[in-house]
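Asks: Quick one: this structure, given as structure tokens, is what I'll be asking you about.
Since every read-out is calculated from the coordinates, none of them should be taken as a lab result. Bear in mind that the values here come from a model prediction, so they are computed numbers and not experimental data. Heads up, the Cβs are rebuilt from the backbone with ideal geometry, glycines too, and the neighbour counts pull from every protein chain shown.
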């Protein structure tokens, strides 16, 4: 089990952000992975977070299991599986610095996308894309999720224009990312990242993850997150730039 105090100084806030994201503050959790890469290498950071994400997913899936667009998920999953495989090939065949640079780039793109989306609400008149395009967005979501647990932007670009009712949107999102995270497990095993120390570290952080997920469910109904979102997404851009700088250095 990791005993470095700096790791936990970064990991506990990161896991809290993941919990808030799973509880309803969608997008906040994308900062967790970039934060952890300042304490451990990005492949190890992703492996530590994966069991925590799976535990958090269980809460959302149980709560919204009756409000899911299964057809939408069926179109996305073939591409998602391919995207996870491509992400695994990338992580297995390049240096840690290259993975860190990729995490930084994804962080910057995600942060800028969310900042842009905040000022450009999607219109209900947006033309729906053909169903088969779901696999392409699934491929992008699987790849970015495998590298940096950041599959939200491609997923949202595909799902939000479809104007699902709120409960159905939350339920579909919960089930999709629960399935995606389980699809990633064999790739992480193949990368040899589920060491005893990492599994014990994940186990120690899971209670924080579960409690923060329930906190997110409670807070999302009571707190306006607008300012928090803006600060988080600008921070993602800055952290992403710092990661790329470190990778190049």
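Asks: Can you sort 176, 113 by how many other beta carbons sit within 10 Å, fewest first?
Replies: Values: 176 24, 113 18.
Placing the least packed residue first, the sequence is 113, 176.
Asks: Right, here's the next one. Which semi-axis lengths, in whole Å and largest first, follow from the square roots of five times the eigenvalues of the Cα gyration tensor of region 61-206? Mind dumping the intermediate values first?
Replies: Working: eigenvalues 149, 68, 46 Å².
Semi-axes (√(5λ), whole Å): 27, 18, 15.
Asks: Exposure proxy check: 159, 189 ranked by fewest other beta carbons within 10 Å?
Replies: On the way: 159 22, 189 11.
Taking fewest neighbouring Cβ atoms as first place, the list is 189, 159.
Asks: Can you tell me, using C-alpha contacts under 8 Å and at least 6 residues apart, the relative contact order of region 79-202 as a whole percent?
Replies: Values: 101 pairs, mean separation 48.5, N = 124.
Reported relative contact order: 39 percent.
Asks: So for each of 145-153, 201-209 I average, over its residues, the number of other beta carbons within 10 Å; can you give me the resulting order with the highest mean first? Please list the in-between numbers first.
Replies: Numbers: 145-153: 25.8, 201-209: 18.9.
In decreasing order of mean packing, 145-153, 201-209 become 145-153, 201-209.
Asks: So for region 137-189, averaging the separation of alpha carbon pairs under 8 Å that are six or more residues apart and normalising by length, what relative contact order in percent results?
Replies: Details: 22 pairs, mean separation 14.8, N = 53.
Contact order relative to length: 28 percent.
Asks: Roughly how tilted is helix 196-219, in degrees to the nearest 10 and between 0 and 90, from the longest Cα axis of the chain?
Replies: Computed tilt is about 40 degrees.
Asks: Helix-only mean residue ellipticity at 222 nm, the chain, DSSP H runs n ≥ 4 weighted -39,500 (n - 2.57), per residue, nearest 500. What is it? Could the numbers behind the result be given before it?
Replies: Details: 10 runs with 190 residues, N = 249.
Only helices count here, giving -26000 deg cm²/dmol.
Asks: Classify region 159-213 as rounded, prolate or oblate, taking a ≥ b ≥ c as the square roots of the eigenvalues of its Cα gyration tensor: rounded when a/c is under 1.5, otherwise prolate if a/b is larger than b/c and oblate if not. If you can, show how the numbers build up before the last one.
Replies: Values: a/c = 4.98, a/b = 1.78, b/c = 2.80.
Oblate shape, in that a/c is at least 1.5 and b/c is the bigger or equal ratio.
Asks: Where does each of 183, 16, 103 land when they are ranked from fewest to most other beta-carbon atoms within 10 angstrom? Mind dumping the intermediate values first?
Replies: Details: 183 18, 16 21, 103 28.
Exposure proxy ranking, most exposed first: 183, 16, 103.
Asks: For region 40-109, what class follows from the C-alpha gyration tensor (a ≥ b ≥ c being the square roots of its eigenvalues): rounded when a/c is under 1.5, otherwise prolate if a/b is larger than b/c, else oblate?
Replies: Working: a/c = 2.59, a/b = 1.67, b/c = 1.55.
Verdict is prolate for region 40-109.
Asks: Express the relative contact order of the chain as a whole percentage, based on alpha carbon pairs under 8 Å and six or more residues apart in sequence. It would help to have the intermediate numbers written out before the result.
Replies: Values: 388 pairs, mean separation 98.5, N = 249.
Here the relative contact order equals 40 percent.
Asks: Mind jotting down the three principal axis lengths of region 5-248 based on Cα atoms? Whole angstrom, largest first.
Replies: Its Cα atoms span 47, 39, 33 Å along the three principal axes.
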